[in-house]
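The values are calculated or read from the model by the stated rules, or taken from the named source; none is laboratory data. Remember, it's a predicted structure, so these values are computed and weren't measured experimentally. Here the Cβ positions follow ideal geometry from the backbone for every residue, glycine too, while neighbour counts run over all protein chains shown.
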Amino acid sequence: MAFKTVKKIFGIMSIICYLLIFVYVLLIVPMLFGLHPVAVYSGSMEPAIEVGSIIYYKEVAFEDIKEGDVVTYILSGEENSTHRVISVDSDKRELTTKGDSNNQADKPISYSKVKGRVAEISEDAIFQIPFLGRYTTFVNNNLWLCAVVFVIIATNVILPYIKIDSLVEEDKDDRFDGGVNSEEIHKE
């Protein structure tokens, strides 16, 4: 009985793990089309981009960037920023950006720091997946979780093949196959 309960628990945990993996895979599928995911951590672009969302950018030539576009660029080190372009200096190949909810513009940035233009659904709507930025950030910062997911799934795959009689406690009634019991024959 206890073994069956363990199998059920691991079965449920495996389904949850499969769903989490499925969601993560769905988030990276756009990469096949040249789109790169970015988790949004600040509210500088609200209401256009919600905090905790995933957005996608695509690499573009400098000449294809215009005022009003939203771009993702390297702020410092590995830190990214995503803001709206408010002016383009073609001679210096620089962009001036500003977060929609910020009061002042950012310092001009060189095009070499631009990762790409953020994908849009329409002229006034950015393609974003709300809340999943927090999920991907958690997974990326806790890679030990991948090992736990692997163990749960592997255990669920292996459990059906384990048949250890000492682990399975069955009543005699459960094992009775409907035939004549030897004790009954001797009683007659």
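Couple of notes before you dig in:
- Breaking point among (1) within 17 Å of Ile54 (Cα to Cα); (2) touching a strand residue (DSSP E or B) at 6+ places or on another chain (Cβ under 6 Å); (3) loosely packed, with under 14 Cβ neighbours inside 10 Å, for Ile121: (2)
- On inspection, Glu94 fails the criterion of being loosely packed, with under 13 Cβ neighbours inside 10 Å and of a type in the set (Asp, Glu).
- Check on Asn80, of a type outside the set (A, V, I, L, M), under 22 Å from the mean Cα position of the chain (by Cα) and over 19 Å from Phe22 (Cα atoms): yes
- Any hit, the range 4-14, residues being closer than 20 Å to Arg134 by Cα, surrounded by fewer than 15 Cβ atoms within 10 Å (Cβ to Cβ) and modelled with pLDDT under 95: no
- If the condition is being of a type in the set (Val, Ile, Thr), closer than 21 Å to Thr137 by Cα and surrounded by fewer than 19 Cβ atoms within 10 Å (Cβ to Cβ), then the range 29-75 contributes Val29, Val51, Ile74.
- So Gly116, is it over 30 Å from Cys17 (Cα atoms) and either assigned to a loop (DSSP other than H, G, I, E, B) or not acidic (Asp, Glu) (or both): yes
- Once the range 76-91 is narrowed to residues that are surrounded by fewer than 13 Cβ atoms within 10 Å (Cβ to Cβ) and touching a Ser or Thr at 6+ places or on another chain (Cβ under 8 Å), the residue that is farthest from Thr137 (Cα to Cα) is Asp89.
- Total residues in the range 63-99, condition farther than 18 Å from Ala119 by Cβ and part of a helix (DSSP H, G or I): 1
- Per-region count, the range 10-30, residues free of Cβ contacts under 8 Å to residues at least 60 places away in the same chain and in contact with a helix residue (DSSP H, G or I) (Cβ under 6 Å, 6 or more places away or on another chain): 0
- Checking the range 132-142 against the condition returns no match, with no residue being outside any helix (DSSP H, G or I) and of a type in the set (A, V, I, L, M, F, W, C).
- Some residue of the range 100-110 being farther than 30 Å from Ile9 by Cβ, in a strand (DSSP E or B), touching a Lys or Arg at 6+ places or on another chain (Cβ under 9 Å) and β-branched (Val, Ile, Thr): no
- Pair list, Cβ < 6 Å and 6+ apart or interchain, from the range 31-54 residues that are assigned to a loop (DSSP other than H, G, I, E, B) to residues that are basic (Lys, Arg): Gly34/Lys58; Gly52/Arg134
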